[in-house]
Amino acid sequence: MKKYNHQKIEKKWQKAWDKFGIYNADDTSKKPKWYSLVEFPYPSGSGLHVGHIRSNTAMDIVSRKRRMQGHNVLYPMGWDAFGLPTENYAIKTGISPQAATKKNTDTFRKQLRAMGFSFDWSREIDTTDPKYYKWTQWMFLQFYKHGLAYKAKAEINWCPKDKIGLANEEVENGKCERCGGAVEKRLKEQWMLKMTAYAEKLLGGLKDLDFIPEVRTQQENWIGKSEGAEIEFPVVGSKGKIKVFTTRIDTIFSGTFLVIAPEHPRLAKALEDQDSFLKNKNEVKAYIESVRNKSELERSAEGKEKTGVELKGLRVINPATQEEMPVWTSEFVIAHYGTGIVFADAHDSRDFAFAKKYNIPLKVSIQPTEGLDFEKIKNLEECYEGEGILCNSEQFNGMTSAKARPKIIAWLAEKGLATPKTSYKLRDWVFSRQRYWGEPIPLIHCDNCAKKPKILLIHGLSGSNQENWFPWFKRTLEARGYDVITPNLPNAQHFILNDWLTVLEHSGIEAGDRLSVVGHSLGGPTACQFIRTYKLKVENLVLVAPTGKSQGPEQWKNLSAKGVSQEHLLVIQEFNDQNKDLAKVAKLTKKTTIYLSDNDPYIPVEVQGDYKTLKPTVKLLSNKGHFNATAGITEFPEILAEFPVVADAGWIPVPEKNLPVKLPKVEKYQPTDTGESPLSKVEKWVNVKCPNCKGPAKRETDTMPNWAGSSWYYLAYLMSKKAFNGPVSTENWKLEIENLRNWLPVDWYNGGMEHATRHLLYARFWNQFFHDIGEVPMSEPFKKRTAHGIILGNDGTKMSKSVGNVVNPDELIKEFGADALRLYEMFIGPFDQTVTWDPRGILGTSRFLEKVWRFAQRRFYENPDQDIPGAWDNMSRIVHKAIKKVSSDIERMSFNTAVSSLMTAVNEMTLTGGSTIKYEDWKSFLKILAPFAPFIAEELWEEMGNKESIHVTPWPEFDPKLLVEETFKLVIQVNGRVRATAEASQGISEADAQALALAHTDIKKWITSEVKKVIFVPNRLINLIF
RNA sequence: GCCGAGGUGGCGGAAUGGCAGACGCACAGCACUCAAAAUGCUGCGAUCUCACGGUCAUGAGGGUUCGACUCCCUCCCUCGGCACCA
């Protein structure tokens, strides 16, 4: 009889499984796919801990079961390796984050392998690998190119003592984690992702997802949708209006003052303004200053009295009551929610307290429906915040709050003073970090390109800037951010080239401008001549129906008929050789496009061929004539394609072919005391050529947040090796979409509750965006989301290095084996609940495995024959009961009871039948044990002579017939209390059961009268009522 | 303050409205042993009783029900999240 040597067995099977790659997912399989996902760990220096193992084991069990159920299973693993601890370690020790990460991931990988998780290691990823983050950078650029990434001033946590910006994780209760000093808010230009644009989608998408309710509600609360109205308060003595958001428009008649957030930009503007209405500027300024100097903690402290000052000189009118109201500023109003201004009344406790403090008049307009003392509310002794019946509200009196709200909105909307409006708590994602250890943001800032681009529009013969599509053109492109110059050229009827050039020369164009030129008709060749004469650099030259020498004599006759003198015609002809000029001009311009129409009276189709042989792009539009008003052209939308919206001027994306922007080596990892990333000190890296104008430019030195790489890692697992090894490009991404389509969505994603809001929302946002731009096939990435409870240390507190209560799995694996540890992790308590690590607990599961081992040895060494004649049917029942329970328990994440039923089965087997178990039954038992304890199951399976791995054999089905026992224990109750039990046969009738019960010796003494009533639950109990 | 989860032996915990405490840890007794470890068996909520058996027990108090850990109401406590969101 062999002894159970877990060390030997585990090493043996780790090697064998690797060798045969039995856990590698197959991209081309015809089997149904199954994608299990656990949050990939941050590879910290302290190694894997028992908390990681809990989630990994659970999903490993699910994955193994699915594999045995015939699915093509993908269960991948990787490293979320960018992050502060590694960076702080680098600051302290000087060891590069790259080197530390390598070491840490090696440790983690080794530990995870030792646990026997069925990961597909061929798909391992690392967010800090340039091969990975080149795609993260590409993705950021997609956000940027679609207008969802923008730079704006946002608050960062600033530690004035350490002189560095802090991540949210580094702030504890408003204090710096490092030095314990108070943290300030500072404004800094930061990259933001416009997540608010997806608020509604993120909320709506939740509806069809199988997320546990806790996660779902946390996401809903985080998005924080509330529906209400925006009301306008006219300013007294001015045309201005102040907009206010409210969800309680039913209280509008009690609104007696407005309150504006101290940080509100409109307030700042009013203070700067020389002739502003404000009469107490200094007082307001001082107040805003005092608020800014308060820490977040002081400001929001519960029960803290709110402070504020009145904005003297500013009064508004309540649109419902027509009464004048004062306007105040106070710290309790949040600048970024709603409009940053609220109307205040007696039905909000904060407003109420504030008004009392500063003696602002109050009015009551809501009467509680029951219970409360309305007298006190009416006398303004108490604040009533709830809903109720409206009073003091004119025609709305007597209505309930709910009824009145839409009516009041409609009433005010009619006067143009209110619109229904939805607000969200969700804010845009601050995407910049002023740190080293993150993905560089792949943008380059170019001062030259930051200049407002100019467009020079040159009209043609007999034309003016008031004609054709020119006014429309100017208006539209100005709205797109361009400076459009449309000079009126002299003697339009009698063209003199030099006169025209002189006017153009003085039209406001300067050397170094970002210039585009649009020329219409004769303006086309004039443009070419102008560019050539002054050697102008032009970004985009657009010629609309340009006239030229190539035209035939007939056309020249036409011009002549229009009054152009022969002399001038010769001049035109002379410079007007498109073939010659354009060839030269093209050298000075980046891009040239010619628009032609098939029915242009001046440029007939016969001569258009000449243009088409030229280098510029020719766009042929049908039926546009000469592109002038005579042809009915007053708007020319096609041309807009040439001039895209000017966004975030000066930020030029790094071209795809230059990705990744790799992190350079730095001397010091310490953030700078100006609040910038240490990257800003690497001049060689920072200073680059502008990809756009080739002039001097600087790289963005902010890096991406930790959340970036983890927002798409579930997609990365699906991508081919080629995608990571090859160049990054939109075309290459598209090649991967098929793989995404095969595997998405993730069927089951388990992770911690701490990621229920941020990570999970970021990833969903990311995915929805890429779905919208056609780069990801599904809108929602995760079909099912569950969460595990955390494991507390022995002492009931969170495991942490400093407390010293972290449990190291290495020693446990060595002493008890990975199988015992896996079982204990599952057995320790309900999977979704917080549990406390009990160092003795693993003894139980370890003993259980020893017991399984001994049972197997007895059965197959003492009785080596394939099957034992007369083996107990009871044994089959025990096994099939366990198959049923284990199968369903895994699906409902009740892993602790699954383990317990495995234990029960073994206990019952040893008790009932010794080792007389059928061969098939024992196989089935090993199979249901296999997902939990894969090593021992595999070993015992092999010992039975099986050649194929147990982990790829079919999952056993239970036979319901075997589960039915002939007799059962009938519970006998008298007046609802259990008084006895009796053995009864299955399917016993109510009458027989009653007879059995009444005859029972223990029941007789409870019989006091005739049976009044009988409750009979078949095959379970009978309850006699006397 | 709001939202969510939870409260059951000495401990971790189990229980489609139907025998509360499965399974495990700890503890005690017995067997094996010269002895110990390991293993196996037995016991293990409180209380009354020599005993058969009874009574009380699932945070507290009420309710619904033949019957409640489970459903409803009120309250207390613990944990997690959000936190001046108008």
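When you look at A:K421, is it part of a strand (DSSP E or B), within 16 Å of RNA strand B (Cβ to nearest atom), over 25 Å from A:V518 (Cβ atoms) and open to solvent by 30 Å² or more (accessible area, probe 1.4 Å), yes or no? Answer is yes for this residue. Close contacts from the stretch A:1004-1026, counting a first residue that is under 14 Å from A:R977 (Cα atoms) and more than 9 Å from RNA strand B (Cβ to nearest atom) and a second that is open to solvent by 50 Å² or more (accessible area, probe 1.4 Å) and β-branched (V, I, T), with Cβ to Cβ under 8 Å and a gap of 6+ residues or different chains, come to A:F1026/A:I1007; A:F1026/A:T1008. Can you find a residue in the stretch A:796-806 that is touching a residue at least 40 places away in the same chain (Cβ under 8 Å), away from RNA strand B (no atom under 16 Å from the Cβ) and in contact with a helix residue (DSSP H, G or I) (Cβ under 9 Å, 6 or more places away or on another chain)? Yes, some residue in the stretch A:796-806 is touching a residue at least 40 places away in the same chain (Cβ under 8 Å), away from RNA strand B (no atom under 16 Å from the Cβ) and in contact with a helix residue (DSSP H, G or I) (Cβ under 9 Å, 6 or more places away or on another chain). Restricted to the stretch A:333-374, and to residues there that are without any contact (Cβ under 8 Å) to a residue 40 or more places away in the chain and acidic (D, E), the residue that is nearest to RNA strand B (Cβ to nearest atom) is A:E370.
Among the criteria (1) within 13 Å of RNA strand B (Cβ to nearest atom); (2) open to solvent by 60 Å² or more (accessible area, probe 1.4 Å), the one A:K285 does not fulfil is (1). A Cβ distance below 7 Å, combined with a sequence gap of six or more or placement on separate chains, defines the contacts here; from the stretch A:209-225, residues that are touching a residue at least 24 places away in the same chain (Cβ under 8 Å) reach residues that are assigned to a helix (DSSP H, G or I) and within 9 Å of RNA strand B (Cβ to nearest atom) in the pairs A:E214/A:M753. Only a single criterion out of (1) open to solvent by 70 Å² or more (accessible area, probe 1.4 Å); (2) free of Cβ contacts under 8 Å to residues at least 40 places away in the same chain; (3) within 11 Å of RNA strand B (Cβ to nearest atom) is not satisfied by A:E811, namely (3). Within the stretch A:198-213, the set of residues being in a helix (DSSP H, G or I) and either buried (at least 17 other Cβ atoms within 10 Å of the Cβ) or in contact with a helix residue (DSSP H, G or I) (Cβ under 7 Å, 6 or more places away or on another chain) (or both) comprises A:Y198, A:A199, A:K201, A:L202, A:L203, A:G205, A:L206. Restricting attention to the stretch A:436-463 and to residues that are under 28 Å from A:Y150 (Cα atoms) and open to solvent by 20 Å² or more (accessible area, probe 1.4 Å), the residue that is modelled with the highest pLDDT turns out to be A:H445.
Taking first residues from the stretch A:512-525 that are assigned to a strand (DSSP E or B) and modelled with pLDDT under 95 and partners that are acidic (D, E) and open to solvent by 10 Å² or more (accessible area, probe 1.4 Å), the Cβ contacts under 6 Å between residues at least 6 apart in sequence or on separate chains come to A:S516/A:E539. Is it true that A:F827 is away from RNA strand B (no atom under 11 Å from the Cβ), in contact with a Ser or Thr (Cβ under 7 Å, 6 or more places away or on another chain), open to solvent by 10 Å² or more (accessible area, probe 1.4 Å) and at pLDDT 90 or above? When the stated conditions are applied, A:F827 does not pass them.
Taking the options A:S1009, A:S949, A:S985, A:S989, name whichever one is among the hydroxyl-bearing types (S, T, Y) and under 30 Å from A:G70 (Cα atoms). After ruling out the rest, the residue left standing is A:S949. As for the stretch A:921-941, it holds no residue that is open to solvent by 10 Å² or more (accessible area, probe 1.4 Å), more than 30 Å from A:R113 (Cβ to Cβ) and among the aromatic types (F, W, Y). Within the stretch A:705-720, the residues that satisfy the criterion of being assigned to a loop (DSSP other than H, G, I, E, B) and within 13 Å of the chain's Cα centre (by Cα) are A:P705, A:N706, A:W707, A:A708, A:W712.
Residues that are open to solvent by less than 10 Å² (accessible area, probe 1.4 Å), farther than 18 Å from A:F143 by Cα, among the aliphatic types (A, V, I, L, M) and in contact with a Leu (Cβ under 7 Å, 6 or more places away or on another chain) occur at least once in the stretch A:697-718. Answer yes if at least one residue in the stretch A:854-863 is modelled with pLDDT under 95, of a type in the set (K, R), within 12 Å of RNA strand B (Cβ to nearest atom) and surrounded by fewer than 23 Cβ atoms within 10 Å (Cβ to Cβ), and no otherwise. Yes, the stretch A:854-863 contains a residue that is modelled with pLDDT under 95, of a type in the set (K, R), within 12 Å of RNA strand B (Cβ to nearest atom) and surrounded by fewer than 23 Cβ atoms within 10 Å (Cβ to Cβ).
How many residues does the stretch A:26-38 hold that are modelled with pLDDT of 95 or more and open to solvent by less than 60 Å² (accessible area, probe 1.4 Å)? Residues that pass the stated criteria total 6. Inclusion of A:Q493 among residues that are of a type in the set (S, T, N, Q), open to solvent by 50 Å² or more (accessible area, probe 1.4 Å) and either in contact with a strand residue (DSSP E or B) (Cβ under 9 Å, 6 or more places away or on another chain) or at negative phi (or both) is warranted. The residues of the stretch A:830-847 that are within 8 Å of RNA strand B (Cβ to nearest atom), assigned to a helix (DSSP H, G or I) and farther than 12 Å from A:Y4 by Cα, listed by number, are A:L843, A:G844, A:T845.
Residues that are in contact with a Gly (Cβ under 8 Å, 6 or more places away or on another chain) and closer than 30 Å to A:A197 by Cβ do not occur anywhere in the stretch A:271-293. Kindly establish whether A:L187 is open to solvent by less than 10 Å² (accessible area, probe 1.4 Å) and not in a loop (DSSP other than H, G, I, E, B). It is false that A:L187 is open to solvent by less than 10 Å² (accessible area, probe 1.4 Å) and not in a loop (DSSP other than H, G, I, E, B). Determine if the stretch A:227-247 includes at least one residue that is under 30 Å from A:T674 (Cβ atoms) and open to solvent by 20 Å² or more (accessible area, probe 1.4 Å). No, because not a single residue in the stretch A:227-247 is under 30 Å from A:T674 (Cβ atoms) and open to solvent by 20 Å² or more (accessible area, probe 1.4 Å). Scanning the stretch A:361-415 for residues that are open to solvent by 60 Å² or more (accessible area, probe 1.4 Å) and touching a Leu at 6+ places or on another chain (Cβ under 6 Å) yields a total of 1. Assess whether A:T897 counts as being surrounded by 15 or more Cβ atoms within 10 Å (Cβ to Cβ) and away from RNA strand B (no atom under 12 Å from the Cβ). Considered against the rule, which asks whether it is surrounded by 15 or more Cβ atoms within 10 Å (Cβ to Cβ) and away from RNA strand B (no atom under 12 Å from the Cβ), A:T897 comes out as no. Can you tell me how many residues in the stretch A:962-976 are at pLDDT 85 or above and open to solvent by 80 Å² or more (accessible area, probe 1.4 Å)? Qualifying residue count, the stretch A:962-976: 0. Number of residues in the stretch A:997-1009 that are at pLDDT 80 or above and open to solvent by less than 60 Å² (accessible area, probe 1.4 Å) equals 4.
The values are calculated or read from the model by the stated rules, or taken from the named source; none is laboratory data. The shown structure was predicted, so the numbers you read here are calculated from the model rather than taken from an experiment. As a convention, Cβ positions derive from the backbone with ideal geometry for all residues, glycine included, and neighbour counts pool all protein chains shown. Surface areas here come from the heavy atoms of the whole protein model, side chains and all, with no ligands, DNA or RNA. Shrake-Rupley method; radii C 1.70, N 1.55, O 1.52, S 1.80 Å.
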